[in-house]
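Below is one structure, written out as C-alpha cells; the observations come after it.
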Amino acid sequence: AANSMWGGRFAGGPSEAMAAINPSIDFDRRLYAEDIQASRAHCRMLIDHGIVSSTDGQAILDGLEAVQREIEQGSFTFKSALEDIHMNVESRLKELIGEPAGRLHTARSRNDQVATDLRLWTRAAVDRLDGQLRTVQAALIDQADAGADLVMPGYTHLQAAQPVTFGHHMLAYVEMFGRDRGRLADARKRLNECPLGAAALAGTSFPIDRHMTARELGFDRPTANSMDSVADRDFALEVLSAGATLAMHLSRLCEELILWCNEGFAFVELSDAFTTGSSIMPQKKNPDGAELVRAKSGRVIGSLITLFTVMKGLPLTYGKDMQEDKEPLFDACDTLELCLACTAGMIQDMQPNAENLRAATQKGFLTATDLADWLVRVPGMPFRDAHHVVGRLVKIAEDRGCDLPDLSLDEMQAVDSRITDDVFGVLTVDKAAASRTSHGGTAPDNVRAAAQAAKERFL
Ligand code: ARG
C-alpha cells in the first residue's frame, strides 16, 4: 500500500528490505519530548501569526499533549511503517484530533524538524555531561586536598622521575576535565541556534516568525541560512569531538587506577562497589569498572569517526544519510554518562595507600635532579657538569644497591670534592617535593592552594 503521508505520488509500497532499512523509529523515539516541544512552539507561532486558526491550533496543542502522555504512559504504539518519531507523532495526532492535525506541518519540513529536535536533545546532553564532569572534578579535588602531603613517584616513560604529591597528580586531571567542560560549553554556544523554519531547505513563503520559535525553545537566535540549517551536523560533530577528548582523559585516568591497583604499585585501593572478584581465584579484586571505562572510550572515539565518515561526502542539503547521525551521538552520550558516573564513584571511594606511595619513592633515585640542582646552586657548577657528576653517583649507588642519600660523604667527595655535608638536606623526597614551589609545581603548599583555586574555578 502507498504511504499515508506522501501516498499521492506512489502506487506501491516499499520492498521488505526498504521497509527494514528506512525507519529510524527504533532509535529516534527518544527524541519524542523534543519533537513535541518543538511542534508546540511551531504551532503557537502559527496561531500567533494567523497561519493557523486558534481553534485548530488549540486542538493541535491539546492533541500533542495527549500524544506525549500516551508515550510517557507506555500506551503509544510506535510503528516502523511510519518511519520516524516525527511521523509517528503526527499520525497519532491525526487519529486523536482529525483534520486540524494536517495543518501542523505548514511551513515546516521534517528536515528542519529533525535538526531542531536533535539540537534540543544535544543541548540537554551537554548540560548533563557538564554536571557530571563537575562531580568528577569535585571528587578529584577532595582527593587532592586529602593527598596534598602524600609523596609518590612521578613518572616519565613510566620510569621513576621526580617526587610529586598524590594531590598534585589528582589536580592534573582536574585541569583536563576543566578543558573538556570548556570544549563542551564552546560547542553548546555554537549549537544553540534554531533551524526551525528553514523548512525543507529554502525557507517558506508563509509569514512565519523564526525569532519567536527560537526564543520559545531557548535558542539564542534562529540560524542564518536555511540550506545550512538542514544540511549541518557539525554541532553533533563538535560535541562528539569534545566527547572523544573527554573519553580519552577518562581512559588515561582509569589506566592509572588499574596500574595503581596492581600489586607492584599498590598505590590505591578501589572500593568493593567498583571492583569484581574471580569465580576461581578467591584472592582477586579486579578493577573492572576502570577497565570498562578504558574500553568504552573506544566507542566514543568510534562514534566521532562514524559521523565524520557519514557526513564528509554529502552534497547540500539534507540527505537520508543524515538519519545515521543519531545512533553514534546517542551511544557516545550514553557511554560518557555511564563512564562519568562510574569514574566519579571510583574516585570518591578510592583510598590512597600512604606507606606504599612513600615506599615507592625510595627506589629509582628520585632526588637525582635535586642533587644536580644543589651542585648548581651551592658550588656553582654548570648544570651539564652537575648532571654528569650525579650520573656517576647514581651508578655507584646502583652498584651498591642503595639510594643516593645512603652514600657516604666520602663516597660522594671521591666523585667531586666540592660536595659537602649540606647536600643531604636536599636528598629526601619530602624536601624535594616541598622545594618545587614554582607556579603549578608540586610542593604541598602549592597543591593546597591549587586545590582551593580549583574549587573556585570549577565548582
Ligand atoms: N528520520 C529522518 C532523519 O532522522 C527525518 C528527516 C527525514 N527527512 C526526509 N526528507 N526524508 O533524518
**OP:** For the stretch 360-458, build the convex hull from the C-alpha positions and give me its volume per residue in Å³.
**Re:** 106
**OP:** For E269, list long-range residues whose amide hydrogen, built 1.01 Å from N in the peptide plane, is under 5 Å from its own amide hydrogen.
**Re:** Q351, N353
**OP:** Pairs of Cα atoms under 8 Å, at least six residues apart: use those to get the relative contact order of the chain, whole percent.
**Re:** 16
**OP:** Work out the count of Lys pairs in the chain where the Cα-Cα distance is under 17 Å, with the pair 8 or more places apart or on different chains.
**Re:** 5
Subject >> In order through the stretch 258-263: 3J(HN,Hα) via Karplus (6.51 cos²θ - 1.76 cosθ + 1.60), integer Hz, x for Gly, Pro >> reply: 5, 4, 5, 7, 4, 5
**OP:** For every helix of n ≥ 4 consecutive DSSP H residues, a contribution of -39,500 (n - 2.57) applies; sum these over the chain, divide by its total residues, and give [θ] at 222 nm rounded to the nearest 500 deg cm²/dmol.
**Re:** -20000 deg cm²/dmol
Original post:
Which order do K284, K326 fall in if you start with the one that has the fewest other Cβ atoms within 10 Å?
Top reply: K284, K326
Original post:
Can you run phi through the Karplus equation (6.51, -1.76, 1.60; θ = phi - 60°) for the stretch 270-283 and list ³J(HN,Hα) in whole Hz, with x for Gly and Pro?
Top reply: 8, 6, 4, 5, 10, 10, 10, x, 10, 6, 10, 9, x, 7
**OP:** Quick one: check the C-alpha center-to-center distance for the stretch 338-399 versus the stretch 2-39, whole angstrom.
**Re:** 62
Original post:
Per the Kirkwood definition applied to all pairs of different Cα atoms, how many angstroms is the hydrodynamic radius of the chain?
Top reply: 26.4
Subject >> Proxy reagent accessibility, fewest Cβ within 10 Å first, across H249, H105, H42, H86 >> reply: H105, H249, H86, H42
Original post:
Per the Kirkwood treatment, what hydrodynamic radius in Å, one decimal, follows for the stretch 85-237 from the mean inverse distance over all distinct Cα pairs?
Top reply: 19.0
Original post:
How many angstrom separate the Cα center of the stretch 409-441 from the Cα center of the stretch 235-286?
Top reply: 36
**OP:** Based on other C-beta atoms within 10 Å, arrange S251, S435 from fewest to most.
**Re:** S435, S251
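Here, each number is a calculation from the coordinates, and none is a lab measurement. Computed from a predicted model, the values in this text were never measured in an experiment. We place every Cβ from the backbone using ideal geometry, glycine too, and count neighbours over all the protein chains shown.
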